[in-house]
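Participant: Once you've had a glance at the structure underneath, I'll fire off some questions.
The values are calculated or read from the model by the stated rules, or taken from the named source; none is laboratory data. Because the structure is predicted, anything quoted here is derived from the model rather than measured. Methodologically, a virtual Cβ is constructed for each residue, glycine included, from the backbone with ideal geometry; neighbour enumeration extends over all protein chains shown. Heads up: the accessible areas ignore ligands, DNA and RNA and are worked out on the full protein's heavy atoms, side chains in. Shrake-Rupley method; radii C 1.70, N 1.55, O 1.52, S 1.80 Å.
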Amino acid sequence: MSQHAAAIPSRGRYVNSGAGPTLLPLDIGHPEFMALVAPDTAYWSLVKRENLDDALCQGPILETYRANAARFAEEMHGLRFGLAPAAVYFNPTERCNLNCSYCYIPEDLRRNGAHMDRARLLLALAKLKDHFAATLPNTRKPQIIFHGSEPLLNREAMFAGIERYAEDFLFGVQTNATLLDAAAIDFLTSHGVGIGISLDGHTPEIANRTRATWNGAGVFDAVCAVMDQLHDYPGFSVLCTITTKNMAHLTDIVDFFHGRSVQTCMLNILRCTLPHAREVKPDDATAAEHYLAALERTHQLYRQTGRKLIVANFANALLGVVAPTARRLMCDISPCGGGRCFFALAANGDLFPCSEFIGLQEFAGGNIFEQPVAEALASRAFAAVTSRTVEDIALCKDCAIRHFCGSPCPAEAANMNGGMDRQGAFCEFYEEQIRYCLRLIADKRETDFLWDGWDEGVETVFDLRLA
C-alpha cells in the first residue's frame with residue numbers, strides 16, 4: 001500500500017479544523033447572546049455567552065447543522081449564481097431639472113443629455129418584452145423601473161410605454177417629485193405604477209442642502225405637497241440618502257415621515273461612485289450610530305401607534321439574516337444583483353449592469369438597439385461585475401458576515417478604491433447593521449421591522465437561536 005493510499009482524511013469531527021464545519025463566534029453587542037456563523041452558507045445560531053464552549057463541541061447545533069449543511073450551501077449557491085435578471089432600471093432621459101450634490105450621473109449628461117424619443121422607447125420595451133419572454137417563466141412579470149436623472153422630463157414617451165405595455169411589465173418610477181402634477185399622479189396611480197420620491201430632510205434647511213435646482217433653489221415644499229397627495233397610495237415610498245448633511249437628523253426625519261403617514265421609506269447610505277459625492281461622505285461609525293437610532297425610533301413609533309414605517313433597505317438586510325433567500329433587494333449579496341438580477345438601460349440604448357455605472361462607458365455591455373440583450377448580459381463589461389465575489393476581496397474573504405453584507409458597491413470599489421477586488425465605501429456601517437439585525441433576533445423583535453406577511457412561503461429548516 002502506498003503512503004498516499006494509507007493516509008486517512010479528516011472525518012470532519014471537530015469544528016474549525018480538518019473537514020469539520022466552520023462556525024465562527026461573533027460578538028453582536030448583546031448582553032446575553034453571541035452568534036455562531038457558518039460563513040460559507042450564511043447560516044447562524046444565537047447562543048448564550050456562557051454556553052459558547054458547549055455549542056462549539058458535539059451537540060444539537062453541530063448535529064443539526066451537519067445534517068443540513070449541504071442544503072444550505074446549495075441554497076446560497078443558487079442565490080448567488082443561479083438567478084436570471086427580472087428587472088430593468090430604465091433611464092428615459094439623461095437630463096435632470098435638479099443638481100443634487102451627490103448624484104452618480106455625470107453633470108454633463110444631466111445638463112445637456114438626450115431624451116429617448118417615444119418610438120425608440122416603445123421599441124426598447126418591445127425588445128425587453130421579447131428578452132424576458134425567452135428567459136422568465138410566463139407566470140412572472142418582469143419589472144421596469146423608470147429611473148434617472150429625472151424620468152418625468154420625458155413624460156409623454158414614458159407614459160406611452162406604460163400604457164402600451166401595462167399587461168407585460170410591473171412598472172415603477174423613481175422621481176424627484178417636482179414634476180408630479182395632478183394629471184401625472186392620476187395617470188400613474190390609475191395604472192398601478194409604484195412611485196418612489198426622494199427627500200433628504202424634515203425641514204427645508206436640511207433637505208435643500210443636497211437637493212436643489214440648478215440655480216440653487218430648494219424643492220422641499222414641492223416634494224412635501226406630493227407626499228401629502230400620495231401618502232395612502234399602496235405603491236408609494238420615500239427615499240432618503242444619508243450624507244454628512246442630514247445624518248444627525250435621521251430620527252427627526254423618521255418622525256416626519258411617520259407623521260406624514262408614509263408606510264415605506266429607504267434610508268440609503270450615500271453611494272460614493274463619483275468624486276463629488278465623496279465631499280458629503282459620512283464617517284462609517286457616526287453614520288451607523290445615527291442610522292440605528294433612527295431604526296429604533298421606527299420601533300418606538302410602531303409600539304406607540306400600531307403603525308409601521310418600514311425602512312425597506314434595512315428590512316431587506318434583516319431578511320438576508322433571517323431568511324437569506326427571501327431578500328428582495330440584491331445590493332447586499334455577492335455577487336450583487338447588478339447584471340444578474342437586474343440591469344440598467346441608458347437613454348441612448350446602452351446597457352449597464354446597474355445605474356451606478358451609467359456614464360462609465362467601460363461598463364457598457366452593448367446597446368439594445370444594436371444587439372440582443374442576452375449578448376450584453378454575457379459581455380466582458382457585465383462579467384466584471386457579475387464575477388465580483390467577496391472571496392476575492394482581501395478583507396472580506398475571511399469575514400464571518402461576508403454573505404450578509406456582500407461588500408457593496410462594485411461601482412464604488414472600482415471608482416473610489418481602485419478595483420473590483422477592493423471593498424466599497426462603508427464596511428463598518430454594514431458590519432454594525434448586521435450586528436444590530438442579530439440583536440433584534442435575540443430580543444425577538446425582528447418581525448416589528450419587516451413587512452407584514454414577509455414569511456409567507458418561507459420554510460424554517462431549524463431554529464436554534466436560543467440554544
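Participant: Explain nothing, just compute: Karplus ³J(HN,Hα) = 6.51 cos²θ - 1.76 cosθ + 1.60, θ = phi - 60°, for every residue of the range 15-32 in order, whole Hz, x for Gly and Pro.
Facilitator: 6, 6, 8, x, 8, x, x, 9, 10, 9, x, 9, 6, 9, x, 10, x, 10
Participant: For the range 256-360, what does the alpha-carbon gyration tensor say about shape, rounded, prolate or oblate, given a ≥ b ≥ c as the root eigenvalues, a/c under 1.5 as rounded, and a/b over b/c as prolate?
Facilitator: Prolate, since a/c reaches 1.5 and a/b exceeds b/c.
Participant: Considering only protein heavy atoms, what per residue accessible area in square angstrom results for the chain with a 1.4 angstrom probe? Working shown, then result.
Facilitator: On the way: 19790 Å² over 467 residues.
That works out to 42 Å² for each residue.
Participant: Continuing with the same structure: Going by amide H atoms built from the backbone, whose H comes under 5 Å of the H on residue 173, apart from near neighbours?
Facilitator: 146, 194, 195, 196
Participant: Please list, ordered by chain and number, the residues whose modelled amide H lies under 5 Å from the amide H of residue 266; skip anything fewer than 5 residues away on the same chain.
Facilitator: 238, 239, 240, 312
Participant: Can you bin the range 99-255 into rounded, prolate or oblate? Criterion: square roots of the alpha carbon gyration tensor eigenvalues sorted a ≥ b ≥ c, rounded for a/c under 1.5, prolate for a/b above b/c, oblate for the rest.
Facilitator: Numbers: a/c = 2.01, a/b = 1.64, b/c = 1.23.
Prolate shape, in that a/c is at least 1.5 and a/b is the bigger ratio.
Participant: Next up: Return the FRET efficiency for the residue pair residue 276, residue 304: r is the Cβ-Cβ distance, R0 is 51 Å, and the value is rounded to the nearest 0.05.
Facilitator: Details: r = 40 Å, r/R0 = 0.78.
Approximately 0.80, to the nearest 0.05.
Participant: Tell me, what ³J(HN,Hα) does each residue in the range 200-213 have, in order and in whole Hz, if you take phi through Karplus 6.51 cos²θ - 1.76 cosθ + 1.60 with θ = phi - 60° and put x for Gly and Pro?
Facilitator: Those phi angles translate into 10, x, 9, 9, x, 4, 7, 4, 7, 5, 10, 10, 8, 6 Hz.
Participant: Can you list residues from other chains, or at least 5 along the same chain, whose modelled amide H is less than 5 Å from the amide H of residue 28?
Facilitator: Those lying under 5 Å, H to H, from residue 28 are 35.
Participant: Quote the charge dipole size of the chain about the Cα centre in Debye, to the nearest 20; the model charges only the Cβ of Lys and Arg (+1) and of Asp and Glu (-1).
Facilitator: 480 debye
Participant: Binning at 10 angstrom from zero up to the longest distance, how are the C-alpha pair distances of the range 183-303 distributed in percent?
Facilitator: Per 10 Å bin, starting at zero, the Cα-Cα P(r) for the range 183-303 comes out as 13, 42, 34, 11, 0 percent.
Participant: Here's something else I'd like to know. Calculated FRET efficiency, residue 371 and residue 118, Cβ-Cβ r, R0 25 Å, to nearest 0.05?
Facilitator: Numbers: r = 22 Å, r/R0 = 0.89.
Once the sixth-power term is evaluated, E becomes 0.65.
Participant: Put +1 on the Cβ of each Lys and Arg and -1 on the Cβ of each Asp and Glu in the chain; which of 112, 415, 241 then has its Cα farthest toward the positive end of the dipole?
Facilitator: Projecting each Cα onto the dipole axis, the largest value belongs to 415.
Participant: Could you order 302, 291 by accessible surface area, starting with the largest, using a probe radius of 1.4 Å?
Facilitator: Details: 302 55, 291 0 Å².
Highest to lowest solvent-accessible surface, that is 302, 291.
Participant: OK, next. Any idea how many Lys pairs in the chain come in under 17 angstrom at the alpha carbon, given 8 or more places apart or on separate chains? Let's see the in-between values first.
Facilitator: Numbers: 48/444; 127/141; 129/141; 245/281; 308/444.
Step by step, the pairs that qualify in the chain add up to 5.
Participant: Rounded to the nearest 0.05, what FRET efficiency is calculated for residue 165 and residue 232 with R0 set to 25 Å and r the Cβ-Cβ distance? Please report the intermediate quantities before stating the final value.
Facilitator: Values: r = 27 Å, r/R0 = 1.07.
Between residue 165 and residue 232 the formula returns 0.40.
Participant: Please work out how much length the chain gains when fully extended from residue 11 to residue 77, using 0.36 nm per residue of separation minus the C-alpha to C-alpha distance, in nm with one decimal. Intermediate results must be reported in sequence, preceding the final value.
Facilitator: On the way: separation 66, 0.36 × 66 = 23.76 nm, distance 2.38 nm.
Here the answer is 21.4 nm.
Participant: Taking Cα extents along the principal axes in Å as the quantity of interest, determine which of (1) 76, 56, 41; (2) 109, 49, 37; (3) 86, 60, 42 was computed from the displayed structure.
Facilitator: For Cα extents along the principal axes in Å, the calculated option is (1).
Participant: Would you please put 332-344, 262-274, 13-25 in order of how densely packed they are, using the mean number of other Cβ atoms within 10 angstrom per residue and starting with the highest? Write down the numbers at each step before the final one.
Facilitator: Numbers: 332-344: 24.4, 262-274: 22.0, 13-25: 14.6.
Going by the mean number of other Cβ atoms within 10 Å, highest first, we get 332-344, 262-274, 13-25.
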